[in-house]
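Asks: Below you'll find the structure I mean.
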Amino acid sequence: MAPGGCRRIGEPAASLLVLGPWVLPAARNGVSRVIGKCGVATDRGTVEPLEYYRRFLKENCRPDGRELGEFRATTVNIGSITTADGSALVKLGNTTVICGVKAELAAPAVDSANKGYIVPNVELPSLCSTRFRSGPPGEEAQAASQFIADVIENSQIIAKEDLCIANGKLAWVLYCDIICLDYDGNILDASAFALLAALKNVQLPSVTINEETGLSEVNLKQKNPLVIRKHPVATSFAIFDDTLLVVDPTAEEEDLATGTVTIVTDEEDRLCSVHKPGGSPLTGAKLQDCITRAITRHKEVKKLIDKVIKSIKPN
């Protein structure tokens, strides 16, 4: 398929005529059905928002038309930034995140002479939401950056040894800048997805060290993709009233929830990490439910990435 083609998962082939990115749609539970089932008006519950949500949750549905275990429509574009060595743009409902990877050469650390570096950074600028302010990174941005760093380390998405060019002399540094363009909750899932897609898009030039001069020589005409060892995918849940789990929460749902939890798994169904920043505790059974749903979500995301990667490869 030509780059930029579109396919809506689960629809007939005629949808291939539509131009645009690859899309993983949410399940089709329209708002009209929710209104009929829940008997709640479509006006936003501004006076008592939590009670407004509870009236929906009692009927196992949400104000935006989703059931409790449904994700918002997911879109990924790869190669969005031509000046980067790899990039991807991910939309999770209204939440929009772009990741650009820039590669530079540097000397490896003395205590890690055979390893390169991966440096992630998540930015939540004021343009993405009124809840953020210009200036130094806030608490949520710092927590998101640390989460991504932990995902990279725990999942071993890339072996840092693969980034070493000459032991003790030269290695690649991958600067992974993740910027939120539109914030509507679940920034961790979107950021992890964008990072994975961008890394799979990276092409690094061939580098050798001249034995006579000791200088590095870069061949821009010969480029190679990164070796992606694992494919970590994050799946986030909001906890309501200490017991009810809601997947892929919006910003409003995160604000009303009594806690959140993010599960990261890989393609071998291995649990890479559990991120639980306080809030309501989870029983072992509830946590296992989250892991099971995360494993299913991983398969959906991995399938989506594989298809878009295949679509942009030259025949």
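The values are calculated or read from the model by the stated rules, or taken from the named source; none is laboratory data. Note that the structure is predicted; figures quoted are calculated from it, not measured. Every residue, glycine as well, gets a Cβ built from its backbone with ideal geometry; the counts of neighbours run over all protein chains shown. Only protein heavy atoms, including side chains, enter the accessible area calculation; ligands, DNA and RNA are left aside. Shrake-Rupley method; radii C 1.70, N 1.55, O 1.52, S 1.80 Å.
Asks: Scan (1) in contact (Cβ under 8 Å) with a residue 60 or more places away in the chain; (2) crowded, with 19+ Cβ neighbours inside 10 Å for the single condition PRO277 breaks and write down its number.
Replies: (2)
Asks: Suppose the filter is of a type outside the set (Asp, Glu), open to solvent by 70 Å² or more (accessible area, probe 1.4 Å) and under 24 Å from LEU89 (Cα atoms); does LYS302 pass it?
Replies: So LYS302 fails the test.
Asks: To continue, here is another question. Looking only at residues that are charged (D, E, K, R) and under 25 Å from ASP255 (Cα atoms) in region 169-205, which one is nearest to the chain's Cα centre (by Cα)?
Replies: ASP189
Asks: Something else now. Which residues, counting only those in region 108-125, are more than 20 Å from LEU188 (Cβ to Cβ) and not in a loop (DSSP other than H, G, I, E, B)?
Replies: VAL110, ASP111, SER112, TYR117
Asks: Still on this structure, I have one more. Report, ordered by the first and then the second residue, all pairs with beta carbons closer than 8 Å, sequence separation of six or more or different chains, a first member in region 294-312 that is under 12 Å from HIS231 (Cα atoms), and a second member that is assigned to a helix (DSSP H, G or I) and open to solvent by 40 Å² or more (accessible area, probe 1.4 Å).
Replies: Sorted first by the residue in region 294-312, then by its partner, the pairs are ILE305/LYS200.
Asks: Also, I was wondering about something else. Could we say that VAL261 is without any contact (Cβ under 8 Å) to a residue 60 or more places away in the chain and either under 17 Å from ARG297 (Cβ atoms) or within 18 Å of the chain's Cα centre (by Cα) (or both) here?
Replies: yes
One line per residue, one yes/no per condition, for (1) among the hydrophobic types (A, V, I, L, M, F, W, C); (2) in contact with an Asp or Glu (Cβ under 7 Å, 6 or more places away or on another chain); (3) in contact (Cβ under 8 Å) with a residue 12 or more places away in the chain:
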residue: LEU215; (1), (2), (3): yes, no, no
residue: PRO225; (1), (2), (3): no, no, yes
residue: ILE228; (1), (2), (3): yes, no, yes
residue: VAL233; (1), (2), (3): yes, no, yes
residue: ASP242; (1), (2), (3): no, no, yes
residue: PRO249; (1), (2), (3): no, no, yes
residue: GLU253; (1), (2), (3): no, no, yes
residue: LEU282; (1), (2), (3): yes, no, yes
residue: ASP289; (1), (2), (3): no, no, yes
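Asks: Another question, then. Looking at ASP289, ASP269, can you tell me which residue is assigned to a loop (DSSP other than H, G, I, E, B) and open to solvent by 70 Å² or more (accessible area, probe 1.4 Å)?
Replies: ASP269
Asks: Restricting to region 124-138, and then to whatever is under 20 Å from LYS102 (Cβ atoms) and in contact with a Phe, Trp or Tyr (Cβ under 9 Å, 6 or more places away or on another chain), can you tell me which residue is surrounded by the fewest Cβ atoms within 10 Å (Cβ to Cβ)?
Replies: The selected residue is PRO125.
Asks: One residue is enough: does region 140-148 have a residue meeting the conditions more than 30 Å from ASP255 (Cα to Cα) and of a type outside the set (Val, Ile, Thr)?
Replies: Scanning region 140-148 turns up no residue that is more than 30 Å from ASP255 (Cα to Cα) and of a type outside the set (Val, Ile, Thr).
Asks: Among the candidates ASP177, ASP150, ASP189, ASP248, single out the residue that is more than 29 Å from GLY69 (Cβ to Cβ) and modelled with pLDDT of 95 or more.
Replies: Selected residue: ASP177, the only one of ASP177, ASP150, ASP189, ASP248 that is more than 29 Å from GLY69 (Cβ to Cβ) and modelled with pLDDT of 95 or more.
Asks: How many residues, within region 239-266, are over 22 Å from ASN60 (Cα atoms) and in a loop (DSSP other than H, G, I, E, B)?
Replies: Going through region 239-266 one residue at a time, the tally reaches 1.
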